[in-house]
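Readers should treat all values here as calculations from the given coordinates under stated rules, not as data from a laboratory. Quick caveat, the model's predicted, so the values are computed rather than measured. With ideal geometry, Cβ positions are generated from the backbone for all residues, glycine too; neighbour counts draw on all protein chains shown.
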Amino acid sequence: MTTVESATDTKQMTIVAAIQNALDIALGLDERVIILGEDIADPIGGVMKATKGLSTKHGLDRVRATPIVEQTIIGTAVGAALGGYRPVAEIMFMDFLCQAMDQIINHAAKSRYMSGGHSPAPIVVRAMIGDSKFGAQHSQALEGWFMHTPGLKVVMPSNPYDTKGLLLSAIFDDDPVIFIENMGMSYSIKGEVPTGDYRVPLGEASVLREGSDITLITYGAEVHPSMAAAQALEGEISVEVIDLRSLVPLDISTCVRSVSETKRAIVVHGSTEFCGPGAEVATQLTDRLFGTLDVPVARHGATYTPVPFSQQLHSTPTEESIIAAIRTLRQRDAVGQHPESI
Amino acid sequence: MRGKVLPVHEAGHDAMTNTLPDRAALEWMYSTMLLAKMADERAADEARKGLLAAALYPVRGLEAVCAAMGVAMAPQDQMVSSYRNLGDALSRKIPLRAIIAEAYGRMGGTSKGKGGTMHLTDNERGLIATTGIVGAGMPLAVGLGLAAQLDKSDRAIAVTFGDGATSIGAAHESFNLAALWKLPVVFVCQNNQWGEHTPLAEYAANPNLAERTAAYGLHAEAVDGFDPMATLQSIGGALDRARAGEGPSFIECRSYRLTGHSGLSDYSYVPTEELAAALARDPAPTFRTWLEQNGHVDAATLDQIEQTAVETVDDAFAFAQQSPHPSPDELMADVYASPEGVPTR
Ligand SMILES: Cc1ncc(C[n+]2csc(CCOP(=O)(O)OP(=O)(O)O)c2C)c(N)n1
Ligand SMILES: [Mg+2]
């Protein structure tokens, strides 16, 4: 699989702008693409403004503001998909997917299988991880739940380029995709993005930074503190950083290739470490590289707590905690033991 | 537009004769009621003998509603059903062979044996989804209705569900959204007066479901679900309104559950007088009497239909029992569009 580029013009875009641009292109490419969500129509154009201008340009029929009905937004999307459409549903905060879990898990994910292959439900659910300043009900990273559900694909980009390319791939993918955004990155992360149609394939990790001592595997918002940590350790420890970009499909081969060189790996993510995606990545790496690793694969995820409101309490990895986790792994490397048992 | 509540049609079919379907349709209705009743009873027998390991949700009591659906719906129409779907599947003209083979988990089933009794689907015949989650079919119907509306098609969507399902939040979200967007959806409430072990009056402060639903601004009406002609007229009218762009309807088909909730479950908790009164109106035999007495179909033809139904049921069970089991590679097939890159364990 390769990244297809059909336009050379680029533009500085925020992640929100990249989403808006991807949706605009998808709506223009295929009239079977429709968007459903609360407040998504103009003039507001979505609470994050990710659909700004789209209802004006593509019509209220296709860019449909709904009442506050999360489970029926997803159910309607699944029904419309069964009716031949490619719906994109916007559910503001990922926490509100709880309202819609029945439709996602029991209907979107299982429809193809339960029908013996006749009734796929190719929807995209866009939802964002919020911010601790909103408290524990608007900030949780729940990607692990969806990875745990056969039939779903799970995508979690970290930058505007990938966001646009992955969203376009997701919309035209024949399986239901949970597309996870992050509020903190929506406007703060900018980058050059081609203005035309291009696709970043699902299931291809990207190596963001080369290094020889340790491989740091991450995705989504944690890519940024991970890159900062790698930068900060330059000269002391050479850190390779891999952005998984999608969690299902999971590009384990890119990770294996890297870790077979570095022989040390740490998986960093914003969902809980306990039963988090890192457990899966670590196990798969160990399965393939056991005996060649210098140390067991480490995980650095969120604490097993609701997200605390206080800015003084950090449940998710930060640049400092990632640096500490890398150093701990090095220390263990030196003595060959788990630091707690030293 | 405010919704309106119409009174339940009185038992008796005379008012309906002006919309009487043709003789072939009447014969089909009788045959469908018989097939639903007999396949239900046969499945229970097989389960009792330990020969059929499937969750069964009898449709006894709903035969008239299902037969009416079959005549009211056009070939291009689509349906979403529930776990209690045998009659609905027959109404979409899905062969009994495929329905029973799915119950046996065989390749000859509607879903290669991977869906089971709660998940019959047949896109070609317009049974788009069946859900085992109470109330979850309604949002799906809203989505199919949206697709039909955007397509500017003349498709209407019927979704069937029980009385208990009207307690679910998704139902209320769907009534509102379908009414707001004027979608071509017919909500067919198969009111059998029970949600598992709980009677309607014990879980709804207002057990008049049609009246309650009218508040959403859709056409709501209750009909005697034991009366196939009245039900046909109600559902037919709703489908016509849907196609004419007049928006959704809620048709509460008042019936009674003539068996336990599921396969072999106990139903000693059902009051005997109520059950006896309902059984006195058992849809298939009652319809036969009516057809015969009113000279719509002669006795010899009705006998022939009964004979054919017996043979069809025997044939379907024999077909199902001989249909191959899915091969081991079916386990991994149909999870994703392509198996490339996705987890296998
Ligand atoms: C969300 C959900 N809750 C509970 C159940 C278990 N359950 C299956 S059928 C049923 C009763 C539903 O009653 P009703 O809607 O009247 O349909 P009926 O079975 O009478 O046809 C219940 C509670 C379920 N399948 N889904
Ligand atoms: Mg009921």
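Observations
- In this simple spin-label model, placing a label point 7 Å from the Cα along the Cα-to-Cβ direction at both residue A:321 and residue B:74 gives a separation of 6.0 nm.
- Net charge, residue B:105 excluded, C-beta distance under 15 Å - Lys, Arg +1, Asp, Glu -1: 0
- Distance (nanometres) between label positions extended 7 Å along Cα→Cβ at residue A:260 and residue A:98: 4.4
- Within chain A, DSSP assigns beta bridges of which about 25% are antiparallel (rounded to the nearest 5).
- Footprinting exposure proxy for A:33, A:155 (fewest neighbouring C-beta atoms within 10 Å first): A:33, A:155
- By average C-beta atoms within 10 angstrom, highest first, the peptides A:37-48, B:77-88: B:77-88, A:37-48
- Choice from A:237, A:129, A:19 with maximal GNM fluctuation in chain A (Cα, 10 Å cutoff): A:237
- The helix-only estimate of mean residue ellipticity at 222 nm for chain A, built from DSSP H runs of length n ≥ 4 each weighted as -39500 (n - 2.57), is -9000 deg cm²/dmol after division by the residue total.
- Rounded Å value of the spacing that divides the Cα centres of region A:264-297 and region A:203-251: 13
- Look at the stretch A:105-113: the mean tally of other chain Cβ atoms within 10 Å of its residues' Cβ atoms is 5.
- Region A:112-166 versus region B:42-103: alpha-carbon centroid distance in Å: 35
- Per-peptide packing, taken as the mean over residues of other Cβ atoms within 10 Å, places A:254-263, B:89-98 in the sequence B:89-98, A:254-263 from highest down.
- Helical mean residue ellipticity (222 nm; -39500 (n - 2.57) per DSSP H run of 4+; nearest 500) of chain B: -13000 deg cm²/dmol
- When each of the peptides B:120-129, A:274-283, B:229-238 is scored by the mean number of other C-beta atoms lying within 10 Å of its residues, the order from highest to lowest reads B:229-238, B:120-129, A:274-283.
- Residues of region A:200-229 falling in the label zone of residue A:29, defined by backbone nitrogen less than 13 Å from a point 7 Å along Cα to beta-carbon, are A:200-202.
- Partner aspartates and glutamates for residue A:49 [C-alpha distance under 15 Å; skip if fewer than 8 residues away on the same chain]: A:24, A:38, A:39, A:90, A:181
- The overall shape of region A:27-110, judged from the alpha-carbon gyration tensor, is oblate: a/c is not under 1.5, and a/b is no greater than b/c.
- Efficiency of FRET from Cβ geometry, residue B:55 and residue B:19, R₀ 25 Å, rounded to 0.05: 0.10
- Other residues whose C-beta falls under 9 angstrom from the C-beta of residue A:25 contribute a net charge of -1, scoring Lys and Arg +1 and Asp and Glu -1.
- Charge tally around residue B:338: other residues with Cβ under 12 Å, Lys/Arg +1 each, Asp/Glu -1 each, net -3.
- Taking a ≥ b ≥ c as the square roots of the eigenvalues of the alpha-carbon gyration tensor, region B:60-203 is classed oblate because a/c is 1.5 or more while a/b is no larger than b/c.
- At full extension, residue A:195 and residue A:10 could sit 66.1 nm farther apart than now, given 0.36 nm per residue minus the alpha carbon distance.
- A straight chain from residue B:124 to residue B:215 at 0.36 nm per residue would run longer than the Cα-Cα distance by 29.3 nm.
- Signed unit charges on C-beta, dipole axis of region A:206-333, positive-most listed residue A:284, A:315, A:300: A:284
- Alpha-carbon Debye profile of chain B, log10 I(q)/I(0) at 0.10, 0.11 Å⁻¹: -0.58, -0.70
- Per-residue mean of C-beta atoms belonging to partner chains within 10 Å, peptide B:163-174: 3
- Long pairs among A:52/A:133; B:112/B:152; A:11/A:52; A:153/B:182, criterion Cα-Cα beyond 22 Å: A:52/A:133; B:112/B:152; A:153/B:182
- Within the straight-line cut-off of under 15 Å between alpha carbons, the aspartates and glutamates reachable from residue A:263 are A:210, A:213, A:240, A:287, A:294, A:333, sequence neighbours fewer than 8 places apart in one chain being disregarded.
- Mean partner shielding of peptide A:248-255, defined as the number of other chain Cβ atoms within 10 Å of each residue Cβ, is 2.
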